[in-house]
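The values are calculated or read from the model by the stated rules, or taken from the named source; none is laboratory data. All values derive from a computational prediction rather than experimental measurement. All Cβ positions, even for glycine, are placed from backbone atoms using ideal geometry, and neighbour counts span all protein chains on display.
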Amino acid sequence: MQNFRPTAVSIPARKRGTRFSPDDPEIVAPLLGANYLFMGPGSPTYATRQLTDSYLWQAMRARHRLGGALCFSSASTIAISQHAMPIYEIYKVGEDLHWKAGLDFFGAFGLSLVIVPHWDNNDGGDDLDTSHCYLGAERYQQLLTLLPNPVTVLGIEENTGLVIRPEEGVCEVVGSGAVIVARNGDEQRF
């Protein structure tokens with residue numbers, strides 16, 4: 001990348017109602033001309049609370065429609081789903097299984113998607129199933145039954161990415177793992 005001399009800019013839009021609001025056009029301005037936008041780890045539910053109907057979220061979507069590349073990772077993939085898994089609330093706090101409204105990025109393209117990163121996580125070793133984004137297979141299956149409408153689930157294994165090129169109608173799996181497409185109880189591995 002050093003040959004291309006990219007300019008990396010962090011957008012400090014962290015919390016509504018503060019001087020770092022995602023609704024502040026001055027803070028968001030640098031992303032309007034960006035070619036590549038990255039949103040990554042953190043809390044999916046915090047991201048959805050801060051970004052829903054925000055100026056920043058509208059600007060990101062507009063930038064994408066105008067040719068900018070968007071890259072989502074970990075928690076942000078959950079946040080852009082139609083329904084977001086409140087993973088911290090369930091896994092770390094111990095709340096009952098439930099869903100939160102997601103940012104529904106793909107809804108504009110006619111897709112009802114739920115994205116589950118860390119599909120094959122094994123941080124829990126032999127004692128604790130941490131697959132399916134730390135929920136474990138059993139609790140994940142229970143959570144699926146709580147979805148309010150039929151969706152397609154994209155399970156993304158660790159160290160793996162899914163490149164979506166909507167203008168070409170193509171998806172490409174990159175990295176060392178697989179992407180699982182689950183729909184109506186059937187799973188396909190790519």
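Could you give every pair whose Cβ atoms fall below 8 Å, whose first residue belongs to region 3-32 and is within 18 Å of Y46 (Cα to Cα), and whose second residue is exposed (fewer than 10 other Cβ atoms within 10 Å of the Cβ), counting only separations of at least 6 or pairs across chains?
Every condition considered, no pair remains.
Between T18, T48, which is farther than 23 Å from L111 by Cβ and either in a strand (DSSP E or B) or modelled with pLDDT of 95 or more (or both)?
Working: T48 fails: farther than 23 Å from L111 by Cβ.
Just one listed residue meets the conditions, T18.
Taking region 91-114, which residues are part of a loop (DSSP other than H, G, I, E, B) and in contact with a helix residue (DSSP H, G or I) (Cβ under 7 Å, 6 or more places away or on another chain)? Step through it out loud before you land on a result.
Going through region 91-114, the residues part of a loop (DSSP other than H, G, I, E, B) turn out to be 94-99, 102-104, 110-112.
Of everything in region 91-114, those that are part of a loop (DSSP other than H, G, I, E, B) and in contact with a helix residue (DSSP H, G or I) (Cβ under 7 Å, 6 or more places away or on another chain) turn out to be E95, L97, G102, L103.
Within region 46-61, work out how many residues are polar (S, T, N, Q), surrounded by fewer than 16 Cβ atoms within 10 Å (Cβ to Cβ) and more than 14 Å from the chain's Cα centre (by Cα).
Our first condition is that a residue be polar (S, T, N, Q); within region 46-61, this holds for 48, 50, 52, 54, 58.
Going one step further and asking which of them are surrounded by fewer than 16 Cβ atoms within 10 Å (Cβ to Cβ), we end up with 52, 58.
Now narrow it down to the ones that are more than 14 Å from the chain's Cα centre (by Cα): 58.
The number of residues fulfilling the criteria is 1.
Would you check which residues across region 94-108 are hydrophobic (A, V, I, L, M, F, W, C) and either over 18 Å from S76 (Cα atoms) or loosely packed, with under 12 Cβ neighbours inside 10 Å (or both) and list them?
Filtering region 94-108 for residues hydrophobic (A, V, I, L, M, F, W, C) gives 97, 99, 101, 103, 105-106, 108.
L97, A108 - these are the residues of region 94-108 that are hydrophobic (A, V, I, L, M, F, W, C) and either over 18 Å from S76 (Cα atoms) or loosely packed, with under 12 Cβ neighbours inside 10 Å (or both).
Restricting to region 140-180, name every residue that is more than 16 Å from S76 (Cα to Cα) and of a type in the set (S, T, N, Q).
Q141, Q142, T145, N149, T152, S176 - these are the residues of region 140-180 that are more than 16 Å from S76 (Cα to Cα) and of a type in the set (S, T, N, Q).
Go through the residues of region 72-81 one by one and say whether even a single one is over 21 Å from H118 (Cα atoms), surrounded by 18 or more Cβ atoms within 10 Å (Cβ to Cβ) and within 19 Å of the chain's Cα centre (by Cα).
So in region 72-81, the residues over 21 Å from H118 (Cα atoms) come out as none.
No: region 72-81 contains no residue that is over 21 Å from H118 (Cα atoms), surrounded by 18 or more Cβ atoms within 10 Å (Cβ to Cβ) and within 19 Å of the chain's Cα centre (by Cα).
For residues that are of a type in the set (A, V, I, L, M, F, W, C) and over 24 Å from P117 (Cα atoms), tally how many sit in region 1-60.
Quick first cut of region 1-60, residues of a type in the set (A, V, I, L, M, F, W, C) only: 1, 4, 8-9, 11, 13, 20, 27-29, 31-32, 34, 37-39, 47, 51, 56-57, 59-60.
This time we only want the ones that are over 24 Å from P117 (Cα atoms), so: 1, 4, 8-9, 20, 27-29, 31-32, 34, 59.
Final tally of qualifying residues: 12.
Output the qualifying pairs, or none if there are none: Cβ atoms under 8 angstrom, residues six or more apart or on different chains, first residue in region 53-73 and within 14 Å of E26 (Cα to Cα), second residue charged (D, E, K, R) and surrounded by 14 or more Cβ atoms within 10 Å (Cβ to Cβ).
That search, which allows pairs on different chains as well, returns S54/R16; S54/D23; Y55/D23; Y55/D24; L56/D23.
Considering only residues that are surrounded by fewer than 17 Cβ atoms within 10 Å (Cβ to Cβ) and either at pLDDT below 95 or touching a Leu at 6+ places or on another chain (Cβ under 6 Å) (or both), which ones fall in region 109-123?
F109, G110, L111
Limited to region 21-38, what total is found for residues that are under 11 Å from L56 (Cα atoms) and part of a loop (DSSP other than H, G, I, E, B)? Spell out the reasoning first.
Just the residues of region 21-38 that are under 11 Å from L56 (Cα atoms), to begin with: 21-32.
Okay, now just the ones that are also part of a loop (DSSP other than H, G, I, E, B), so 21-24.
Selection size over region 21-38: 4.
Within the bounds of region 128-151, is there any residue that is among the hydrophobic types (A, V, I, L, M, F, W, C) and part of a strand (DSSP E or B)?
Taking region 128-151 first, the residues among the hydrophobic types (A, V, I, L, M, F, W, C) are 128, 133, 135, 137, 143-144, 146-147, 151.
From what is left, the residues that are part of a strand (DSSP E or B) are none.
No - not one qualifying residue is present in region 128-151.
Considering only residues that are in a loop (DSSP other than H, G, I, E, B) and touching a strand residue (DSSP E or B) at 6+ places or on another chain (Cβ under 7 Å), look in region 168-190 and name the one that is surrounded by the fewest Cβ atoms within 10 Å (Cβ to Cβ).
First pass over region 168-190, keeping only residues in a loop (DSSP other than H, G, I, E, B): 168-169, 176-178, 184-185, 190.
Among the residues that remain, those that are also touching a strand residue (DSSP E or B) at 6+ places or on another chain (Cβ under 7 Å) are: 176-178, 190.
On the way: S176: 8, G177: 17, A178: 17, F190: 12.
Filtering region 168-190 for residues that are in a loop (DSSP other than H, G, I, E, B) and touching a strand residue (DSSP E or B) at 6+ places or on another chain (Cβ under 7 Å), the one surrounded by the fewest Cβ atoms within 10 Å (Cβ to Cβ) comes out as S176.
Which one of these does E157 not meet: (1) surrounded by 20 or more Cβ atoms within 10 Å (Cβ to Cβ); (2) within 22 Å of E89 (Cβ to Cβ)?
Just one mismatch for E157, condition (2).
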